[in-house]
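Q: What follows is a structure written as structure tokens; I'll ask about it next.
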Amino acid sequence: MYVGKMVETAPVEMLFADCKHPYTEALLSAIPRPDPRVKREQIILTGEIASPANPPSGCYLHPRCLYAQDICSQEEPKLEEIEPDHFVACHRARELSLRGVKL
């Protein structure tokens with residue numbers, strides 16, 4: 001969830017291995033690794049967190065999203081099933097290759 005909106009839902013293994021929403025990708029990048037030899041770049045979302053009282057137009061994440069395009073600021077994405085049991089609210093979910101994590 002981001003600012004009270006569901007952005008992605010899937011079975012655990014699928015979500016971790018093949019996330020499709022940029023916010024999920026950022027959250028997964030922040031998971032601590034138990035092996036200090038495993039290096040992974042953490043995604044830092046810049047900008048202000050959207051206010052639930054005064055959210056931005058379109059996708060609430062678009063002001064902070066690394067992958068935002070014009071449509072993201074204009075239309076709120078619907079939560080859609082992009083593959084069986086995997087639902088995502090992102091205009092670019094089908095075209096982005098995001099980093100998941102191994103379980």
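Coordinate-derived values only; no laboratory data. What you see is a predicted model; the values in this text were computed from it and never measured. When we count neighbours, we look across all protein chains shown, and the Cβ atoms used for this are built from the backbone with ideal geometry, even at glycine.
Q: What number of residues within the stretch 49-73 are over 22 Å from Ser97 (Cβ atoms), under 16 Å from the mean Cα position of the chain (by Cα) and in a loop (DSSP other than H, G, I, E, B)?
A: Final tally of qualifying residues: 5.
Q: Residues Glu95, Glu81, Glu48: which one is under 21 Å from Gly4 (Cα atoms), without any contact (Cβ under 8 Å) to a residue 12 or more places away in the chain, exposed (fewer than 13 other Cβ atoms within 10 Å of the Cβ) and of a type in the set (Asp, Glu)?
A: Glu81 is the lone residue from the list that is under 21 Å from Gly4 (Cα atoms), without any contact (Cβ under 8 Å) to a residue 12 or more places away in the chain, exposed (fewer than 13 other Cβ atoms within 10 Å of the Cβ) and of a type in the set (Asp, Glu).
Q: I'm checking my understanding of the structure. Among residues of the stretch 1-14 that are surrounded by fewer than 19 Cβ atoms within 10 Å (Cβ to Cβ) and either touching a helix residue (DSSP H, G or I) at 6+ places or on another chain (Cβ under 8 Å) or not hydrophobic (A, V, I, L, M, F, W, C) (or both), which one is farthest from Ala89 (Cα to Cα)?
A: Of everything passing the filter in the stretch 1-14, Glu13 is farthest from Ala89 (Cα to Cα).
Q: Kindly check whether there is at least one residue in the stretch 59-71 that is small (Gly, Ala, Ser) and either over 15 Å from Tyr23 (Cβ atoms) or in contact with a Pro (Cβ under 6 Å, 6 or more places away or on another chain) (or both).
A: Within the stretch 59-71, not a single residue is small (Gly, Ala, Ser) and either over 15 Å from Tyr23 (Cβ atoms) or in contact with a Pro (Cβ under 6 Å, 6 or more places away or on another chain) (or both).
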